[in-house]
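Some notes on the structure that comes next.
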Amino acid sequence: MRLPRKLNLSTIENLEGDWKVERLSGVVPMPGVWKRVRGPRGSTRIGRSPGVPFRLEQRGNYVALIYRPPLHMMVDELRYEEPHSWLGRATVAGIEYARFRMARTERT
């Protein structure tokens with residue numbers, strides 16, 4: 001008897017929306033940081049700032065947020081965590097410098 005495969009919820013489609021960011025380890029993100037995702041693009045923001053833009057890329061069992069130049073060495077790796085939150089690993093050139101959690105929020 002074969003066991004059913006676990007559904008991968010770490011997909012770009014599940015990231016659509018606005019996300020409050022909470023630091024778990026490292027020096028960032030600071031309080032007030034949130035992320036906005038619209039389709040294959042998004043931005044990391046503080047308060048009402050326009051934010052730092054990134055693009056999304058599916059990489060196996062996680063989603064990568066790849067920042068635009070000159071910050072393209074920075075990549076956030078996100079994995080879905082139930083219920084309705086994501087665990088993030090912030091990296092520069094593949095070296096982890098922080099961990100964070102994202103939870104859905106309502107923004108105007």
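Since every read-out is calculated from the coordinates, none of them should be taken as a lab result. Here the structure is a predicted model, which means the values were calculated and not measured. Note that each Cβ is placed from the backbone with ideal geometry, even for glycine, and that neighbours are counted across all protein chains shown.
Taking the Cβ of Asn14 as the centre, find all other residues whose Cβ is under 13 Å away and add up their charges (Lys, Arg: +1; Asp, Glu: -1). All intermediate terms of the calculation are to be shown ahead of the outcome.
Working: positive: Arg79, Arg104; negative: Glu13, Glu16, Glu81, Glu82.
With Lys, Arg at +1 and Asp, Glu at -1, the net is -2.
For the range 12-101, what is the convex hull volume of the alpha-carbon atoms per residue, in Å³?
93 Å³
What is the gain in length, in nm to one decimal, between Leu87 and Arg68 on full extension, counting 0.36 nm per residue of separation less the C-alpha to C-alpha distance? Working shown, then result.
Details: separation 19, 0.36 × 19 = 6.84 nm, distance 2.14 nm.
Fully extending the segment from Leu87 to Arg68 adds 4.7 nm.
Counted by Cβ distance under 13 Å from Ser25, the other residues give a net charge of +2, where Lys and Arg count +1 and Asp and Glu count -1. Across the range 12-101, the relative contact order, built from alpha-carbon pairs under 8 Å that are at least six residues apart, equals 23 percent. Per-residue Karplus couplings for the range 21-29, computed as 6.51 cos²θ - 1.76 cosθ + 1.60 with θ equal to phi - 60°, are listed in order as 10, 10, 5, 10, 7, x, 8, 10, x Hz, Gly and Pro entered as x. Rounded to the nearest 20, the Cβ-based charge dipole of the chain about its Cα centre (Lys and Arg +1, Asp and Glu -1) stands at 100 debye.
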